[in-house]
Amino acid sequence: MKRIVMIDDEPLVTKGLSRFLGRHGFEVVVFSDPVAGEQYLHQEPWDVLVLDLAMPGRTGHEILAALSDEQAKRVVVLSSTTTPSTIAQLQARVAAYVKKPTTGSALLGVIQTLGPVQK
């Protein structure tokens, strides 16, 4: 089973998406606190990270910068940021960029394109 870590400070977003992904066989660990979520990433195994960019305390950009290039390839950025240059920079490093708002099925489709996790 793939373990998805979701770091986003919007409970309405994470609640629906995590339920949807859970119903499709994923273990979803949700953090509304980006600092706690980042600590988890460095202490526990995970397969996919769904990461918001704009959060209080620690931004998604800061969390992403602390990940290795290999880990970044397993990151799906979920954000309402629409600046083309920002999106292009993210897409050069992460697996995917998904614009908020999104649906569970759209996010699932992106996660499924990542394929099996390399252990």
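The values are calculated or read from the model by the stated rules, or taken from the named source; none is laboratory data. Here the structure is a predicted model, which is why all the values come from computation and not from measurement. Positions of Cβ are backbone-derived with ideal geometry, glycine not excepted, and every protein chain shown enters the neighbour counts.
Which one of these is in a strand (DSSP E or B) and under 14 Å from the mean Cα position of the chain (by Cα): VAL13, VAL5?
On the way: VAL13 fails: in a strand (DSSP E or B).
From the options VAL13, VAL5, the qualifying one is VAL5.
The set of residues from the range 51-74 being among the β-branched types (Val, Ile, Thr) and crowded, with 17+ Cβ neighbours inside 10 Å comprises just one member, ILE63.
How many residues does the range 97-114 contain that are of a type in the set (Phe, Trp, Tyr) and closer than 11 Å to LEU21 by Cβ? Break it down stepwise before answering.
Here is the first cut: in the range 97-114, the residues of a type in the set (Phe, Trp, Tyr) are 97.
So of that shortlist, the ones also closer than 11 Å to LEU21 by Cβ come out as none.
Of the residues in that region, 0 qualify.
On the stretch given as the range 21-42, residues that are outside any strand (DSSP E or B), over 18 Å from THR113 (Cα atoms) and hydrophobic (A, V, I, L, M, F, W, C) total 3. The residues on offer are VAL30, VAL48, VAL13, and the sole one that is without any contact (Cβ under 8 Å) to a residue 40 or more places away in the chain and surrounded by 13 or more Cβ atoms within 10 Å (Cβ to Cβ) is VAL30.
Residues checked against (1) under 11 Å from the mean Cα position of the chain (by Cα); (2) surrounded by fewer than 16 Cβ atoms within 10 Å (Cβ to Cβ); (3) modelled with pLDDT of 95 or more; (4) not basic (Lys, Arg):
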residue	(1), (2), (3), (4)
ARG19	no, yes, yes, no
ARG23	no, yes, yes, no
GLN39	no, yes, yes, yes
GLN112	no, yes, no, yes
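Please give the number of the condition VAL77 fails out of (1) in contact (Cβ under 8 Å) with a residue 12 or more places away in the chain; (2) surrounded by fewer than 20 Cβ atoms within 10 Å (Cβ to Cβ). All conditions are met except number (2).
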